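**Q** Have a look at the structure that comes next, please.
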Amino acid sequence: MPIGTMIALILAALVAPGEPVAADPAAGDGAWSRWDVAAAAQHALILPVCTGPYQIASGDVNGDGLPDLIIPCRGELLSPTLARPANDQLTVYLNPGATGAWVRRDFPVGFGPYHSAIGDLDGDGRPDLVVPDYQSNDGRDLAILYGAKDREALFEPTRFIGFPDTDLVNEYGLDPRGEPRYPTPGLTSAVIADVNGDGRPDIVAVSYQSNVFYVLLNEGGRKFRTLRYPQQAAPYDQMMGGPRDIAVGDFDGDGTPDLAFSMYESNLVEVWKGDGSGGFAPWRRASSFGRIPYHLKAGDLDGDGRPDIVVGNRSTSDNVVVLRNDPTRFTYDGSFSPQTAKRGEVTADEIRDVVLGDIDGDGILDLAAAARESGKLVFWRGTGRRGFNAAFADRRTMEFPGKGPRGIALLPGAAAVIFYNSSEVGIVSLPGSSPQAAGSLPSARR
């Protein structure tokens, strides 16, 4: 059987709906131990993307049942005096399925896109994209790409939502000439979730420099009502320093979505409790047990029905921390390191993304991290166990020297990683898939 057909069958089998997979740690251990990570890296399918990719997500954007790749490209942050202070593009790669090539499509967004989220905002059955923009100097703070009736076009012309300049502040200061170093920083992350239970997906977006987040309640007809948080009067009208990323989960078990934030400048994780009507209030706070918490993800690591949190600390801590969701607090339950060789005592810019997913098919969440400084993808097998440093084991590492892995998204049987230094995306096989499978797919066409 041709390798291309083989991976297509693997993808089809894993995408097809079916009964929930029961946890089977023994099965995962076997697949994990047989996984040839060096061969997977060697046979990675490498495709070009727009300049300076900053985040990657997977989702079906064209309705064919296959997960595609969504990649916003921030590029280099430049002077706010320039007409183009950063990149403003988004690359989408359409999944070819059984035959053909990955198809690249590029779309305009605002300057400095940091993140993306996918969902059907207008209820027409076509996926839409939300892209928060960090470097906006023209009111294009949040880009929305609505799915087009013309499925060949994929999306309608990009629409934008702006936020008050009084909310978004610039703490970078001035350069030696007395000019702002960057435009007033905007948004860094966004999620799509129905936070008020009306059946319409809403948007939550965050700005780490301004220490605020916005809830955009979906009122139908492509209209949104914006709530700014915190809602207290000054000086309590801002969060603790640096809300950078968002994870959604029912952390308190009351059946309504809550929000967890990585607090970039204060080395904390904050959880805000949802009231089921679109309102939020502070609920719990925990140390990130590392410096500069960057991205975080939520998932039930031990099967107790409560979503736990993993947070990647970007700076010299060089670790991914487990915060166990216990009845009365989030408990520090382990620290996992890629074991990167340090330059002296400093390794900056290392952990740039974390992702949770059942990588080996045993029904237990596994962990992956993008390590930009060392050029690594690092994977840990989930154990389903409680106890300090017991949640993950069997660290495996893929090497991509000089490429600067920046973000990870999971596909059935494969992982996709963006490389900031080379403006590329790589697709690598996961346990249970042929090492050659991802790399043997046809080259992309545009």
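**Q** Can you go through Ser374, Ser429 and tell me which one is open to solvent by less than 40 Å² (accessible area, probe 1.4 Å), touching a residue at least 12 places away in the same chain (Cβ under 8 Å), in contact with a helix residue (DSSP H, G or I) (Cβ under 8 Å, 6 or more places away or on another chain) and small (Gly, Ala, Ser)?
**A** Ser429
**Q** A further question on this structure: Just the residues that are surrounded by 21 or more Cβ atoms within 10 Å (Cβ to Cβ), closer than 13 Å to Cys50 by Cβ and either of a type in the set (Asp, Glu) or at pLDDT below 90 (or both), please, taken from the range 70-86.
**A** Passing the criteria: Gly75, Ala86.
**Q** Within the range 49-60, is there a residue that is touching a residue at least 40 places away in the same chain (Cβ under 8 Å), open to solvent by less than 20 Å² (accessible area, probe 1.4 Å) and of a type in the set (Ser, Thr, Tyr)?
**A** Looking through the range 49-60, at least one residue is touching a residue at least 40 places away in the same chain (Cβ under 8 Å), open to solvent by less than 20 Å² (accessible area, probe 1.4 Å) and of a type in the set (Ser, Thr, Tyr).
**Q** Which residue pairs have Cβ atoms under 7 Å apart, sit 6 or more places apart or on different chains, and have a first residue in the range 87-105 that is within 30 Å of Gln135 (Cβ to Cβ) and a second that is open to solvent by 20 Å² or more (accessible area, probe 1.4 Å) and hydroxyl-bearing (Ser, Thr, Tyr)?
**A** Within 7 Å, the pairs are Asn87/Thr51.
**Q** If a residue must be open to solvent by 10 Å² or more (accessible area, probe 1.4 Å) and either without any contact (Cβ under 8 Å) to a residue 24 or more places away in the chain or outside any loop (DSSP other than H, G, I, E, B) (or both), how many such residues does the range 393-407 contain?
**A** So the count comes out to 6.
**Q** Step by step: first the residues of the range 33-48, then only those that are of a type outside the set (A, V, I, L, M) and open to solvent by 50 Å² or more (accessible area, probe 1.4 Å), then the one that is nearest to Lys149 (Cα to Cα). Which residue is that?
**A** So, considering only residues that are of a type outside the set (A, V, I, L, M) and open to solvent by 50 Å² or more (accessible area, probe 1.4 Å), the one nearest to Lys149 (Cα to Cα) is Pro48.
The values are calculated or read from the model by the stated rules, or taken from the named source; none is laboratory data. Keep in mind that what you see is a predicted model, and the values were worked out from it rather than measured. Neighbour counts run over all protein chains shown; Cβ positions are idealised from the backbone, glycine included. The area values use the complete protein model at the heavy-atom level, side chains included, leaving out ligands, DNA and RNA. Shrake-Rupley method; radii C 1.70, N 1.55, O 1.52, S 1.80 Å.
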